[in-house]
Amino acid sequence: MSTPAAQKTAISPRREEDFPEWYQQVVRAAELAEPSDVRGCMVIRPWGYGIWENMQRQLDTMFRATGHRNAYFPLFIPLSYFAKEAEHVEGFAKECAVVTHTRLEVDAEGKMKPASALTEPLVIRPTSETIIGASYAKWVQSYRDLPVLINQWANVVRWEMRPRLFLRTTEFLWQEGHTVHETEAQARAEAMLILEIYERFTREHLAVPVFTGAKSESERFPGAVQTLTIEAMVQDRKAIQAGTSHFLGQNFSRASGIQFQNREGKQEFGWTTSWGMTTRMVGTMVMAHGDDDGVILPPRVAPTQIVILPITPKEDTRARVLEACDALALQLRGKHFADSAIEVEVDRRDLGGGVKNWEWIKKGVPIRVEIGPRDLEKNSVEVSRRDQAIKSKESMSIQEFAAGAPEILMSIQQNLYDRAKKFQEANTRVIESKKEFYDFFTARNANKPEIHGGFALAHWNGSHEVEEQIKNDLKVTIRVIPLGDGEPGHCIFTGAPSRQRVVWAKSY
RNA sequence: CGGGCUGUGGCUCAGCUUGGUAGAGCGCCUGGUUCGGGACCAGGAGGCCGUGGGUUCAAAUCCCACCAGCCCGACCA
């Protein structure tokens, strides 16, 4: 154990002291985002937005590779469109922002007031099934027009009561895919394909392992027949839904009139899907990998993968050090990691070396490289990896580092995944009895309710009453029902026969 | 949207009970000493004390209303 002084962490409180507060502090310290003056909305700062842009680009590539194309639909949805699908409206009604007026006028007291009421109020999209459906109804006439495979990158608004940076904000950014298919089987396959893309993306790019499967009826998307989801475990052992893919059956095509003449010449409603992944992923990643010194970014989504820190203690060596830094940066930028050129930054700001270094630690940049006068003489660099102890650095020759940088990035990427996977496995348990289940989810310390078991794999017989009971007692819900053939058994709550185990957890 | 708490320079807060028109630490700026590490010294900028009204000779301080934020519930990507 080191001395108290050496234990000082960049972020306080530490994760184990107060996880929610730690999270807020990390997001701010790393300059990812901050709350804005607009209730429930956040400002995403360049470092945070850079991460999102990387996610966006990478996911987009995956969508394109599977035949999807981007388009853009209106932010405003006429109330009448929105109200077409009963379950859907009911599900979203409470969180809709509604535009009722246009024009501002100055009133007698000199204040600006909305002047002219709209004949039909406009709902600001909480999701776009209905407005996109209206277009699809026009575009789809024949089975030859199918499938329609469209995605849009957009902002949506859901008037949430308890916002938290990235995890739940009133306005957030996402992608929403909306597809129409000729047959049920094709639509189901589409929903599954997207689930697989989401799973692969979080695993390979964000280094976050997930459980995949279907939602129980009570957790399903309003209006969906089946909701597929990926659920990640973060460091307080809670689950977070990180992406969803819905098989919508013919519910929305019926509501929007998406009809086509099938191969037999008969009119038929299209089979639709919708799927989305949001800026919540940024928060998920922070909570999955971060430590008490800040964010730790998987190299694949880091806006800057390598930062070069010039050490310039003496004026006379300064120019030569900077020159060496630029030369190394140039060399590194010519190399590739995961299909794109390595992003390198030389931090030549006139700040104390320690201050700079800590800033990058908090931001989670994967590799920090120091070059100082002594390195110039030895033709070497000092390399620090963010996935290793803060103080550790390794000296190597410039050539060796430049040549090996892609491998180091790869190694960090892999290490983060392995760590997260190990954590997930260590905190996922097969549970065989009701008592064991309740014990598992009971906080060990009443003051820190977030410290509890983790994920439980237990048999359940499909009864909604049981789900309700567990939710009321423990705030634990079924996160996913794994797909495929599970081992049969008996529900640990009712004793009734059960087809398979399901994943239970507390969630965000 | 219900219950509790809180609004004082960029941030964290003290002052309020016992009214007399503002303080600290951090951050920021300048100069210097440092600097392979979030250093130190000196000087400096920055606040109509959430908003509106009331009581009073006098309000950050007392009273009322409103607004906003936090925590706990219900809801959610």
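The values are calculated or read from the model by the stated rules, or taken from the named source; none is laboratory data. As the structure is a prediction and not an experimental result, all values here were calculated from the model. Cβ: placed from backbone, ideal geometry, glycine included. Neighbour counts: every protein chain shown. The area values use the complete protein model at the heavy-atom level, side chains included, leaving out ligands, DNA and RNA. Shrake-Rupley method; radii C 1.70, N 1.55, O 1.52, S 1.80 Å.
Net charge of the neighbourhood of residue A:486, taken over other residues with C-beta under 9 Å away and scored Lys/Arg +1, Asp/Glu -1, is 0. Ranked by the mean number of other Cβ atoms within 10 Å of their residues, highest first, the peptides A:37-47, A:289-299, A:129-139 come out as A:289-299, A:129-139, A:37-47. Using Cβ point charges alone (K and R +1, D and E -1), the dipole size of segment A:201-256 about the Cα centre works out to roughly 80 debye.
Taking R0 as 45 Å, what FRET efficiency do you get between residue A:31 and residue A:327 from their Cβ-Cβ distance, rounded to the nearest 0.05?
Working from the Cβ atoms, E equals 0.95.
Accessible surface for segment A:428-505, divided over its residues, is 52 Å² per residue with a 1.4 Å probe. Considering Cα pairs under 8 angstrom that are at least six residues apart, work out the relative contact order of chain A and quote it in whole percent. It comes to 14 percent, rounded to a whole number.
What residue among A:441, A:469, A:481 has its Cα farthest toward the positive end of the dipole of segment A:428-505, where the charges are +1 on Lys, Arg and -1 on Asp, Glu, each on the Cβ? Comparing the listed Cα positions along the dipole, A:441 ranks first. Other residues lying with their Cβ under 10 Å from the Cβ of residue A:170 contribute a combined charge of 0, Lys and Arg counting +1, Asp and Glu -1. Computed in the context of the full set of protein chains, the accessible area of segment A:242-344 at 1.4 Å probe radius has 44% of its extent on carbon or sulfur. Taking only protein heavy atoms and a 1.4 Å probe, the accessible area of segment A:428-505 is 51% carbon and sulfur.
Each Lys and Arg adds +1 at its Cβ and each Asp and Glu adds -1 at its Cβ; summed about the Cα centre, chain A shows a dipole of about 240 debye.
Counting only heavy atoms of the protein chains, get the accessible area per residue of segment A:301-424 (1.4 Å probe) and round it to a whole Å² value.
Accessible area per residue, segment A:301-424: 49 Å².
Rounded, prolate or oblate: pick one for segment A:186-235, where a ≥ b ≥ c are the square roots of the eigenvalues of its C-alpha gyration tensor, a/c under 1.5 means rounded, and failing that, prolate if a/b is larger than b/c, else oblate. Note, shape of segment A:186-235 comes out oblate.
To the nearest ten degrees, helix A:464-474 and the longest principal axis of the Cα atoms of chain A are 40 degrees apart. Averaged per residue, segment A:168-289 has 29 square angstrom of accessible surface, using a 1.4 angstrom probe with ligands and nucleic acids left out. Only helices enter this figure: runs of n ≥ 4 DSSP H residues, each worth -39500 (n - 2.57), summed and divided by the residues of chain A, yield -10500 deg cm²/dmol at 222 nm to the nearest 500.
For segment A:371-431, applying the loop criterion from DSSP together with a ceiling of 10 other beta carbons within 10 Å to the trypsin sites (Lys or Arg not before Pro) yields A:391. Around the Cα centre of segment A:21-111, unit charges on the Cβ atoms of Lys, Arg, Asp and Glu (plus for the first two, minus for the last two) sum to a dipole of about 380 debye.
Considering only A:25, A:212, A:272, the residue lying farthest towards the positive end of the dipole of chain A is A:25, judged by Cα position with unit charges set on Cβ. Shape class for chain A: prolate, because the ratio a/c of the largest to smallest gyration tensor axis (alpha-carbon atoms, square roots of eigenvalues) is 1.5 or more and a/b beats b/c.
Got the relative contact order for segment A:428-505 handy, in percent, Cα pairs under 8 Å and 6 or more residues apart? 34 percent. The local environment of residue A:501, defined by Cβ-Cβ distances under 14 Å, has a net charge of -1 under the rule Lys, Arg +1 and Asp, Glu -1.
With respect to chain A, whose longest principal axis is taken over its alpha-carbon atoms, helix A:129-139 is tilted by about 70°. What a 1.4 Å probe finds exposed on segment A:182-231 is 47% carbon and sulfur by accessible area, rounded to a whole percent. Report the one residue of A:198, A:295, A:491 whose Cα lies farthest in the direction of the positive end of the charge dipole of chain A (charges on C-beta: Lys and Arg +1, Asp and Glu -1; origin at the Cα centre). With unit charges placed on the Cβ atoms, the residue in question is A:295.
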